[in-house]
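Read the structure below first, then the notes.
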Amino acid sequence: MRIILFSGKGGVGKTTVSAATGYNLSQRGYKTIVVSLDPAHSLADAFDLSQEERLSAKGLPIKINENLYIQEIDIQEEIDRYWGDVYRFLEILFNTTGLDEVVAEELAILPGMEEVTSLLYVNKYYREKEFDVLILDLPPTGESLRFVSMPTVLKWYMKKIFKTERLVMKVARPVVSRVSDVPLPDESYFKALENFYEKLKGVDEILIDPSVTSVRLVSNPEKMVLKESQRAFMYFNLFGVNVDAVIVNKVIPHEAEDCTYLRKWMEIQERYVRDIEGFFSPVPVFKVPLLEEEVCGEEKLKLLSELIYGDRDPSEVFFKERAYEFIEENGSYRIKIRAPFADKKGLTLLKSEEEIIVRVGNFKSHIMLPRKLRNLEPKGAKIEKGYIYINLG
């Protein structure tokens with residue numbers, strides 16, 4: 001099974017690109033499901049489905065054609081399916097503090113529940129092999145990063161905290177109940193968490209397997225969007241999730257150069273497109289023109305998918321190696337950058353506030369630094385077997 005994640009800043013066109021990719025794959029004979037994890041769902045709108053069709057689905061898959069299904073995750077429905085006892089305990093806890101019942105019910109949906117529930121579907125569809133391709137339309141960048149980090153966090157909690165917490169609550173519950181009305185989680189709460197975790201086992205290995213899972217960053221040729229795409233690229237690299245393509249959406253076509261108003265925008269966009277190609281090299285960049293009309297319905301999705309991929313199969317893994325990674329050795333850090341044709345002659349390093357810029361001849365790479373490493377300076381570099389190694393100190 002192939003899993004493709006689409007991530008990017010809100011408003012760049014992730015949902016439309018996800019829908020177009022799913023439609024293209026279905027026309028090639030792949031049984032495909034596109035799942036929207038964005039709380040502000042618009043996947044059904046991309047396929048021009050009626051409100052009745054999407055509401056009647058109640059968060060379950062909707063059939064678009066013989067090979068294509070879409071699904072918009074409904075957290076309220078998923079709570080009933082999977083979170084039952086956990087949600088009820090949290091609702092009682094918030095209600096006990098004096099909060100209004102409706103407010104308590106809303107607060108009981110804690111941050112991360114949507115992401116973890118979505119991971120359940122990834123594991124479920126991967127194990128059942130019902131579909132050839134699973135496409136995930138991720139929420140905006142920050143939530144996307146929480147999605148890919150959640151398996152690691154859950155594994156740490158279950159190994160380090162869960163058993164101790166369960167034992168402490170078992171001892172404390174009878175004592176606390178005699179002196180306080182504040183509810184403590186009962187055994188059903190812990191059993192629900194345990195069962196939930198069992199359903200998630202193995203999903204972390206699926207996400208970091210480059211032959212199975214790829215992230216495709218959707219961006220626009222704009223400064224703020226580009227910066228967020230860089231950060232996302234860095235974090236996906238940190239978590240070991242393969243980024244196999246960058247899709248630059250809404251590029252004003254050259255046909256518009258006769259328009260004085262648009263000509264200036266074209267010049268700005270062309271500069272940022274060049275930057276994008278340099279920033280994310282050697283990851284392939286697909287440029288998508290701004291269309292005359294909004295992309296809505298199967299015909300427009302078909303057109304968009306052809307503009308993105310041409311004759312290429314969207315299920316292909318376009319790139320299968322980390323562009324760069326951070327390595328810790330004995331308390332010191334260095335950066336390993338893929339640069340198969342780099343020559344040490346003319347190698348220069350430039351440090352800015354958030355990134356290191358590496359230049360070697362025609363090769364140029366911008367390495368966004370995680371917060372922990374931003375105060376470190378480059379202390380020399382070497383080229384070895386197609387990689388540049390930069391020491392930080």
Among the candidates Ala44, Ala40, Ala19, residue that is open to solvent by 30 Å² or more (accessible area, probe 1.4 Å) and either in a loop (DSSP other than H, G, I, E, B) or under 14 Å from Gly297 (Cα atoms) (or both): Ala40
Matching residues in region 47-64 - criterion: being touching a helix residue (DSSP H, G or I) at 6+ places or on another chain (Cβ under 8 Å) and in a strand (DSSP E or B): Ile62, Ile64
Filter result for Leu136 (closer than 30 Å to Ile3 by Cα and modelled with pLDDT of 90 or more): yes
Selection status of Leu376, over 23 Å from Ile276 (Cβ atoms), among the hydrophobic types (A, V, I, L, M, F, W, C) and at pLDDT 80 or above: yes
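Filter region 239-258 down to the residues that are part of a loop (DSSP other than H, G, I, E, B) and surrounded by fewer than 19 Cβ atoms within 10 Å (Cβ to Cβ) and list them by number. So that I can check it myself, show each step before the final result.
At the first step, the residues of region 239-258 found to be part of a loop (DSSP other than H, G, I, E, B) are 239-242, 252-253, 257-258.
Once the filter is applied, which keeps residues that are part of a loop (DSSP other than H, G, I, E, B) and surrounded by fewer than 19 Cβ atoms within 10 Å (Cβ to Cβ), region 239-258 yields Phe239, Gly240, Pro253, Glu257, Asp258.
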Near pairs, Cβ below 6 angstrom, 6+ apart or cross-chain, from region 11-37 (more than 15 Å from Phe286 (Cα to Cα)) to any residue that is of a type in the set (D, E, K, R) and assigned to a loop (DSSP other than H, G, I, E, B): Tyr30/Asp132; Lys31/Asp132
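Got at least one residue in region 290-307 being of a type in the set (Lys, Arg), open to solvent by 50 Å² or more (accessible area, probe 1.4 Å) and closer than 27 Å to Thr32 by Cβ?
yes
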Any hit, region 111-131, residues being modelled with pLDDT under 70, part of a loop (DSSP other than H, G, I, E, B) and acidic (Asp, Glu): no
Check on Leu262, in contact (Cβ under 8 Å) with a residue 24 or more places away in the chain and part of a helix (DSSP H, G or I): no
Total residues in region 293-331, condition in a loop (DSSP other than H, G, I, E, B) and within 30 Å of Ser42 (Cβ to Cβ): 15
Index of the failed condition, Ser332 passing every other in (1) under 28 Å from the mean Cα position of the chain (by Cα); (2) of a type in the set (Ser, Thr, Tyr); (3) open to solvent by 40 Å² or more (accessible area, probe 1.4 Å): (1)
Among the residues listed as Ala339, Ala381, the single one being in contact (Cβ under 8 Å) with a residue 12 or more places away in the chain and open to solvent by 20 Å² or more (accessible area, probe 1.4 Å): Ala381
So Arg274, is it within 18 Å of Val12 (Cβ to Cβ), among the charged types (D, E, K, R), assigned to a helix (DSSP H, G or I) and modelled with pLDDT of 85 or more: no
Gly361 modelled with pLDDT under 80 and open to solvent by 50 Å² or more (accessible area, probe 1.4 Å): yes
The lone exception for Val283 - which of (1) closer than 24 Å to Lys250 by Cβ; (2) modelled with pLDDT of 95 or more; (3) open to solvent by less than 50 Å² (accessible area, probe 1.4 Å); (4) part of a loop (DSSP other than H, G, I, E, B) it fails: (2)
Neighbours by Cβ (under 9 Å, 6+ apart or cross-chain): first from region 310-330, of a type in the set (Ser, Thr, Tyr); second open to solvent by 40 Å² or more (accessible area, probe 1.4 Å) and not in a loop (DSSP other than H, G, I, E, B): Tyr324/Lys336; Tyr324/Arg338
Criterion violated by Thr152 - all others in (1) at pLDDT 75 or above; (2) touching an Asp or Glu at 6+ places or on another chain (Cβ under 9 Å); (3) surrounded by 15 or more Cβ atoms within 10 Å (Cβ to Cβ); (4) farther than 19 Å from Arg216 by Cβ satisfied: (3)
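The values are calculated or read from the model by the stated rules, or taken from the named source; none is laboratory data. If you're wondering where the values come from, they're calculated on a predicted model, not measured in any experiment. Note: ideal-geometry Cβ built from the backbone for every residue, glycine included; neighbour counts use all protein chains shown. Side chains are part of the model used for accessible areas, which takes the heavy atoms of the whole protein and leaves out ligands, DNA and RNA. Shrake-Rupley method; radii C 1.70, N 1.55, O 1.52, S 1.80 Å.
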